[in-house]
1. What single numbered condition from (1) touching a strand residue (DSSP E or B) at 6+ places or on another chain (Cβ under 6 Å); (2) over 20 Å from ARG40 (Cα atoms) fails to hold for GLY133?
2. Tell me the strands (runs of 3 or more DSSP E) entirely within the stretch 34-92 that contain at least 1 residues that are of a type in the set (Asp, Glu) and surrounded by 14 or more Cβ atoms within 10 Å (Cβ to Cβ).
3. Could you list, in sequence order, the residues of the stretch 124-170 that are surrounded by fewer than 17 Cβ atoms within 10 Å (Cβ to Cβ) and among the polar types (S, T, N, Q)?
4. So ASN92 passes all but one of these: (1) at pLDDT 80 or above; (2) under 25 Å from LEU184 (Cα atoms). Which condition number does it fail?
5. Could you please find all residues in the stretch 95-144 being among the polar types (S, T, N, Q), outside any helix (DSSP H, G or I), at pLDDT below 90 and closer than 18 Å to ILE172 by Cα?
6. How many of the residues in the stretch 13-57 are modelled with pLDDT of 70 or more and either over 22 Å from the mean Cα position of the chain (by Cα) or not charged (D, E, K, R) (or both)?
Amino acid sequence: YEWQPARWAGNYSAINLIEKYLNDVKNLLVELEEYILSIRSYNAKIEVEIQSNKNKNKYVLEQKYAEPNVQKQIVLEPSNIEGLETIFDGNNLKINNTKLNLSTVYENYSDVTSNFLWLNTFTEEYKKMIETGKQNIIEQNGIIIMEIKDADELNKKLYIDRKTGKPIKMQIKNVSKNTTVYILYNEIEINNLKRDDVLAFRLKNVYVNM
């Protein structure tokens, strides 16, 4: 064996680069995690697919949210409930623009009014899971994945674009009910709304087909 200073210097440099890369990824994960958890408002157009043993339902929704807890959602598809509007002003839930009575909405379209469809629901649950260590964040092929895992009940994953910091999709698996929900964020703008903007939101030219 012969001592080769240049060879070892090259290896040392490579090790430094690897350590720098890992440290950069770690810092990026911390920054993106803090950014997502500090979302104050958002405006999104999403596609939702809910799969179970019995059936598969698809929806296209427009959502607006502003802290502390103001939400408004309008159904764009399917056509039979197009225009169905749900509003939560922080205290009361209202359902507008539909000929369906409340019992029919809750019985047949309960998924549309569920909290799990909202990004702020995910972030609040993630914050709580930090205390118990049932959350995780990783980088995978240029995508950041934030995960909430309760082995006995739910597994939720939020996929985030590394470059833009915007959510791409969310996957929710309910073990006990054997259902999976896929949420695709076709459009999303973050921290651009105030409470009054959400409550003033209306969809023009809505026709409810029955």
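1. Failed condition: (1).
2. Output list reads 41-51, 56-66, 85-88.
3. THR132, ASN136, GLN140, ASN141, ASN155, THR164
4. All conditions are met except number (2).
5. SER114
6. Going through the stretch 13-57, the residues modelled with pLDDT of 70 or more turn out to be 23, 26-57.
Subsequent filtering for residues that are either over 22 Å from the mean Cα position of the chain (by Cα) or not charged (D, E, K, R) (or both) retains 23, 27-30, 32, 35-39, 41-44, 46, 48, 50-55, 57.
Count: 24.
The values are calculated or read from the model by the stated rules, or taken from the named source; none is laboratory data. All of these numbers come straight from a predicted model, not from anything done at the bench. Glycine gets a Cβ as well: all are built from the backbone with ideal geometry, and neighbour counts include every protein chain shown.
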